[in-house]
1. Condition first: more than 21 Å from Gln344 (Cα to Cα), assigned to a loop (DSSP other than H, G, I, E, B) and of a type in the set (Lys, Arg). Can you find one or more residues in region 294-310 that meet it?
2. Given the criteria of a type outside the set (A, V, I, L, M, F, W, C), modelled with pLDDT under 95 and out of contact with any strand residue (DSSP E or B) (no Cβ under 8 Å at 6 or more places or on another chain), does Glu122 qualify?
3. With the requirement that a residue be part of a strand (DSSP E or B) and of a type in the set (Val, Ile, Thr), what does region 28-78 give you?
4. Any idea how many residues of region 174-193 are open to solvent by 20 Å² or more (accessible area, probe 1.4 Å), in contact with a strand residue (DSSP E or B) (Cβ under 8 Å, 6 or more places away or on another chain) and closer than 26 Å to Met429 by Cα?
5. Is there any pair with a first residue in region 299-321 that is farther than 15 Å from Arg396 by Cα and hydroxyl-bearing (Ser, Thr, Tyr) and a second that is assigned to a helix (DSSP H, G or I) and open to solvent by less than 10 Å² (accessible area, probe 1.4 Å) whose Cβ atoms are under 8 Å apart and which are 6 or more apart or on different chains, and what are they?
6. Looking for whichever is buried (at least 16 other Cβ atoms within 10 Å of the Cβ) and in contact (Cβ under 8 Å) with a residue 24 or more places away in the chain here; the options are Lys223, Lys227. Which one fits?
7. Among (1) of a type in the set (Gly, Ala, Ser); (2) open to solvent by less than 40 Å² (accessible area, probe 1.4 Å); (3) under 22 Å from Gly156 (Cβ atoms), where does Ala196 come up short?
8. If a residue has to be over 17 Å from the mean Cα position of the chain (by Cα) and open to solvent by 10 Å² or more (accessible area, probe 1.4 Å) to count, how many in region 296-318 make the cut?
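The values are calculated or read from the model by the stated rules, or taken from the named source; none is laboratory data. Remember, predicted model here, so these are calculated numbers, not experimental data. Because the Cβ atoms are built from the backbone with ideal geometry, glycine has one as well, and the counts that use them run over all protein chains shown. Side chains are part of the model used for accessible areas, which takes the heavy atoms of the whole protein and leaves out ligands, DNA and RNA. Shrake-Rupley method; radii C 1.70, N 1.55, O 1.52, S 1.80 Å.
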Amino acid sequence: MAQFFREKPNRSKKVSAKLSLTASGLDHQGAGIGQYQGKVVFIPGLLPGESAEVQLTEQKKNYARGKLIRITQTSPERVEPQCPHYALCGGCDLQHLSDLSQRQHKRRALAELFAKLSGLSELPEIGELASAPWHYRRKARLATWYDKQSREFTLGFRAKSSSKVVAIGECPVLAASLSELIKPLAAQLAHLQGVAQLGHVELIETEAGRFVVLRITRPLVNKDKEKLKAFAGQQGLQLVLQDNQGECEYLTGNQPSYRLSGANGRELTLKFNPGNFIQVNGEVNRAMVAKAIDWLQPKAGEHILDLFCGMGNFSLPLAATGARVTGVEGVPAMVEQARQNAKQAGLEGLQFFCADLSADLSAEPWLGKVDKLLLDPARAGAYETLSYLKNIAPERVVYVSCNPASLARDSVLLLEQGYRLERLTVLDMFPQTHHTEAMALFVRN
């Protein structure tokens, strides 16, 4: 007899009746924490001390997730979100919490992660590097959607927990001049013959000007290119087309760059290509680089190893102090860009290598004793790399992290090898969001 597959109901996704819950705190993702029938319940949008009607949307053995229906008791820390798209857009998730409370929450979250994962009973006083809470982003990627039936074009951000594109007319966390560009840019793109060939749109603003990078799935016709050139001229933009292979065609302008301060007030220029990683918060990035130099205390002639160096964000300012710097990065194009940046800056004693820092490093020519070490890994952290710490034996280690959980976990390796945690600082790279970054200084006993 034929058997037909019948999907079993997902009981964990079953929606409950309305409940009344009170939040006692915030989790590391910025969701309110409540209790129901002995389970922890996570409710996005609910603040500590607030009571609300909630519907459970997911139930597991030890926890549940809920949807906020109506707040019945409001926290004094709650503020009115500035963005008109906040309820739908998935870009920000803490605009309803005051700026001061956001920073306090991020310090608490960092302390809790270290207490849980590092085994340390005492932490140094947690510092903070922050920027203006609004219009801080110098780079953003917008999504596009073209409906072939209605012939409507949408430029915006993805909705919360969805692939749907929410049309936006402004973005208050984006640099003001980029936010003001969204409406006229969307109108211009909607009238292109090749509108259906547009992928994402990257907006960048640095000291070198404003850049619009259009990702295209197929080449645009010349008529479209001429329209875009005219628009760029009217708006004072530099406009770039980028194909699926990452190759760039500059319709106007030149390669983007940004500036950093080096030793003795020297200005350093770092070029990058569209799609390359740069820190989106330029103000915090400058403060972070200065803090790393202050903590490492580089001296002329000392050898400093910069792992996960990218295109030289830390390497060049460190080399400008007179130290010998070796940078290592896993992306060949970024290594080549770092070399070009060092050459343009006229920095000697600076060399770069390409290596997979999560693989076996024992045969790498750069692996050996150094005086100081800086790490700036991706979210996965640097656990595999730090297993070679005995080969490097630096006096000081600065660890910059976009994922404090990885930093707290990796700190165990440093502590076991005779280092002490001397400094710990929150990097508020992304105000109005739960996202927290951090940097730590470890000194060998």
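1. yes
2. Against the criterion (of a type outside the set (A, V, I, L, M, F, W, C), modelled with pLDDT under 95 and out of contact with any strand residue (DSSP E or B) (no Cβ under 8 Å at 6 or more places or on another chain)), Glu122 qualifies.
3. Within region 28-78, Ile33, Val40, Val41, Ile43, Val54, Thr57, Ile69, Ile71, Thr72 meet the criteria.
4. Total satisfying the criteria: 1.
5. Close Cβ pairs satisfying both conditions: Ser315/Ala338; Ser315/Ala342.
6. Lys227
7. All conditions are met except number (2).
8. 7
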